[in-house]
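One structure is given below, encoded as structure tokens.
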């Protein structure tokens, strides 16, 4: 690892060069964890709760060596809440997530990387993690589990998944997903949310009302947020929207007002329903994503006490 | 609305350029898949109208600017009232071009008024050629030395244009436009064209308009008789219902409208300080200059004689002042000599030169017919005349006098052995009587331009003189003699009184002291004349102080010569019964010299004349093969004169007339005289000079001209209905459109900047 010691794998530009998603996820988490020792997040820890019998495949880092030394029994340390957390990763793979600015990760790739990293982190913490891919409907699902095999399945799915030429109907999908979630857990939504804002909020509210802790990662591209174009451009709409030939500078202020208004509406909607809202630009380092998750997880634990 | 340069309206097609650029820009775009399309569409929907307005306004401005600019440079104008547009039917355009030499004035090498006039004529012809389908007619009158039609309406336009090309420069005339306009008014009266446009192109120099622009003389009655005929001619033209008159100022101060004076220095004359020039006797030439301008200056005068090494003098002249440059020369050779005085060129070259054709004689030959020749030489008249006029005669040694006196008895004159025409001056000194032969001989001498002096004494036969010289009013004597008068030597003498102090015969008495001396000479006897019979052409130069103020010295011209009648001629001091004391050396020298010098010149010098005058002189025999060589300025080659010479009394002939003296300079006439002894070649040299008054470059204000001529306006270019040229009187819209274009450009720039700032990222 010495050759990668100085590389910041949290930087999406760097990650873009790493092809394999699993590797990417590991690099992100390890980079994050390493940073944690030097970061303001230091001191955060997961509390030990109890032991359980070792199962093949368990992470040997959590083997209680003292007990093995004393009793020759293989037991795994279980931490507080670790058996209670079920994390659901919802990843939007509609066509709009296919967009990415030049030289950067597409939104979907960024979100997929973030999902992979989170899945890795969650699984490392012996929590269960599942994945749902959706566009205008649910495309694939992996039920939550804390096994390595499950993690591998998640990675494989993420590796193979591509943004599809389908419209986003996230509101309806969330409504459908809400009804299928049985056990309470955390729902982490990765999407650009390009749908009717009220429907989106309605869908998120439904999930939150069922007792889930929802964190919305509003994934946007740098270009979508800055709109830095100058030359005459033919904007070709994705998800079957029409195209528009326009001088970008003439519409910049109005466009930023529209998208800013949309973001604000989503944020307020999330705030009103105690849903965590994290605006993520695909040029932002991924530690924001991971630390946001961990903050949300800690808050959840406090509420349960 | 009309346009001065309609072809430039094509520039309005450039309005398409911004449109094309706009369309090209729309083609040159990037394609970009866009996920947040909905937001973009919403933004576009909200901004669409404003964007469209801004873009459309900018495009409109950018398209309009080339259109406005094209309109502005095409120089549109609105026609004002007055000159009618050239309608259907033939319009006859009659142009009068001032051809006087002031039209040749050039300031700092720019266009002269004549060149501006030619350019306007060229533009008029172009316009007429463009409207050839309307069959326009064109006439051109050059108001030069002799106003004349160069082009008449029946000439086609191409031929008219060729004729106009021959007009290279104005003539050296001091043109008076009166005659030119009178001719045009007659022409217009007789014309039957449906429409007539008359244009007078002139520099408005005051001299050309004659009395019309001069203040009326004090005390002179006002009335139509004082009106200038230029005004009359214009009024005549104006009375014709289908005729319009336009006065166009092409002068150097035309654009100022207020008139003024332009500086000019000129040579106004070249003369001798003596009446006649004699070989080897120093003579002073005087070139007179005038500074017509408003600033003092120094002028260098150059005098060259027969093309030899020139002499130069510098004269300082105050504004408006006259000055003189004197040159002293002596001629070795007799005959005709060319003298050419010149100034360094200023804006007006024509009056910077002066020419003089000078006849230098060996000596002035005097034929003295002495009526007292048979008496004691000291008591003869010859004694007086010769001792005064030719003191070195017969003495041996160099001849010091300009006169050579030959004394004869009256019989030789009466018998015809001596011909007065062979001498410069013939003096009859107390000759008692003359016969017909002698009278005829004297007439012939006078007709040949020689001089005659008849000095009466106590021998004169009054009746004989009346018969032969008065000849009932047809002879050379302009009066009838009556009788001897005066108190006689014992009585109270009278003295002369100068009646005409400026007369050339008294040139020697220009100083007051000399006049006092002359007027103190005693006169005891004289011949009285019949005053009632004195010819009006005769001039009484000296009178006596008797009660009747009897004439003492009478001057007259006969033919080309001058004659003096001295009614109390000088006699020798040794004659106690002499009638007067004119023999007094103090007065005799100046008096006899002065009278004879004056008589030595012809009455009119035909060899020095003015531009426009006919070259004329009398010749002793019939001339043949006459050819005239004109000065270089004229540009013409030798001109033969084919007209038959007119015979004159006494076997003389008149030179065939030549009137084309349009330019100043030397005119050389080569001919052969058909003498009894055979053909004799002669070359006559004439000097022709300009009228200096034309060089007064004073221009009246347009208001004064309008008032004086009774016209509505004075233009500085052709009226619009003639050529489409912008007439200052018309409303020209070009400057306003240029201003509007500028405002549009500024507005477009401001608008584009505003839009750019609005649209640029913060």
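I need two numbers for segment B:394-532: Rg to one decimal and Dmax as a whole number, Cα atoms only, in Å.
Cα-based Rg and Dmax for segment B:394-532 come out at 17.1, 51 Å.
Along its three principal axes, how long is segment A:79-155 when you only count alpha carbons? Whole Å, largest extent first please.
43, 28, 19
If packing is taken as the average number of other Cβ atoms within 10 Å across a peptide's residues, how do A:178-189, B:649-660 rank, most packed first?
Packing order, densest peptide first, comes out as A:178-189, B:649-660.
If you count the DSSP beta bridges with both ends in the protein assembly as shown, what percent of them are antiparallel, to the nearest 5?
55
Regarding chain B, what's the average projected area of the Cα-atom convex hull, expressed in nm²?
49.7
Could you work out, residue by residue across B:92-103, how many beta carbons of other chains sit within 10 Å of that residue's beta carbon, and then give the average as an integer?
0
Over all residues in A:253-263, what is the mean tally of Cβ atoms on other chains that come within 10 Å of each residue's Cβ?
Counting other chains' Cβ atoms within 10 Å and averaging over A:253-263 gives 5.
Highest first, please rank the peptides B:413-426, B:53-66 by the mean number of other Cβ atoms sitting within 10 Å of their residues.
Highest mean packing first, the order is B:413-426, B:53-66.
Please figure out what share of the DSSP beta bridges in chain B is antiparallel and state it in percent, rounded to the nearest 5.
Here the share of antiparallel DSSP bridges comes out near 65 percent.
For the protein assembly as shown, what does the helix formula give at 222 nm: sum of -39500 (n - 2.57) over DSSP H segments with n ≥ 4, over the residue count, nearest 500 deg cm²/dmol?
After summing the helix terms and dividing by the residues of the protein assembly as shown, the value is -9500 deg cm²/dmol.
Assuming a viscosity of 1.002 mPa s and a temperature of 20 °C, what translational diffusion coefficient in µm² per second does Stokes-Einstein assign to the protein assembly as shown, Rh being the Kirkwood radius over Cα pairs?
So the translational diffusion coefficient is about 52 µm²/s.
For a quick protection proxy, order the peptides B:555-561, B:191-197 by their average other-Cβ count within 10 Å, most packed first.
Taking the mean over residues of other Cβ atoms within 10 Å, the ranking is B:555-561, B:191-197.
Shielding of B:44-51 by partners, i.e. mean partner chain Cβ atoms within 10 Å per residue?
The per-residue average across the peptide is 4.
If I take every Cα pair under 8 Å that is 6 or more residues apart in chain B, average their sequence separation and divide by the length, what percent do I get for the relative contact order?
15
Quick one: angle between helix B:229-239 and the longest Cα principal axis of chain B, in degrees between 0 and 90, rounded to 10, please.
That helix lies at roughly 40 degrees to the long axis.
Any chance you could give the angle, 0 to 90 degrees and rounded to 10, that helix B:37-73 forms with the longest Cα principal axis of chain B?
The angle comes out near 10 degrees.
Can you tell me the convex hull volume per residue for segment A:183-305, based on C-alpha atoms, in Å³ to the nearest whole number?
Enclosed volume per residue, from the Cα hull, is 111 Å³.
So for segment B:578-646, what are the equivalent ellipsoid semi-axes in whole Å, largest first, each being the square root of 5 times an eigenvalue of the Cα gyration tensor?
Value: 43, 16, 9 Å, ordered largest first.
Laboratory data are not the source of any read-out in this text; all were calculated from the coordinates shown. The shown structure was predicted, so the numbers you read here are calculated from the model rather than taken from an experiment. Every residue, glycine as well, gets a Cβ built from its backbone with ideal geometry; the counts of neighbours run over all protein chains shown.
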